[in-house]
Amino acid sequence: MNNLIKNQLKIKQKVNCAVSFHAIKSQAMALLFSGEKSDIVIGRLEKLFLMNPVLIRKNRKVPRKKRSTRHQVNCLKRKRKIIF
């Protein structure tokens, strides 16, 4: 267990974007309209950000396939579902 913690400290970490976006989206109403102090809400958000960090590993860039313009337009028109 201690080795795992040491290894995680060697690798850089950053905030998980999906978790942070969802946390901000779900807490926005509480932050703007509730009677709670903003410091309390921001403290809760910071705890959520630190719960699930993403490890940044060196040399992990994966080459992406270049899609044709026709394929991109087809995905935008017919396949992509816009969800808010």
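The residues of the stretch 52-77 that are surrounded by 10 or more Cβ atoms within 10 Å (Cβ to Cβ) and closer than 28 Å to Val19 by Cα, listed by number, are Asn52, Pro53, Val54, Leu55, Ile56, Gln72, Cys75, Leu76. For the stretch 46-79, the set of residues classified as within 13 Å of the chain's Cα centre (by Cα) and part of a loop (DSSP other than H, G, I, E, B) consists of Asn52, Pro53, listed by residue number. Say whether the condition of being of a type in the set (Gly, Ala, Ser) and either touching a Phe, Trp or Tyr at 6+ places or on another chain (Cβ under 8 Å) or more than 20 Å from Val15 (Cα to Cα) (or both) is met by at least one residue in the stretch 40-52. Checked the stretch 40-52: no residue is of a type in the set (Gly, Ala, Ser) and either touching a Phe, Trp or Tyr at 6+ places or on another chain (Cβ under 8 Å) or more than 20 Å from Val15 (Cα to Cα) (or both).
Taken as a whole, the stretch 36-50 holds no residue that is surrounded by 10 or more Cβ atoms within 10 Å (Cβ to Cβ) and touching a Lys or Arg at 6+ places or on another chain (Cβ under 6 Å). Screening the stretch 1-45 for residues that are charged (D, E, K, R) and in a loop (DSSP other than H, G, I, E, B) and picking the one that is modelled with the lowest pLDDT gives Glu36.
The values are calculated or read from the model by the stated rules, or taken from the named source; none is laboratory data. Values in this document were obtained by computation on a predicted structure and should not be read as measured data. Every residue, glycine as well, gets a Cβ built from its backbone with ideal geometry; the counts of neighbours run over all protein chains shown.
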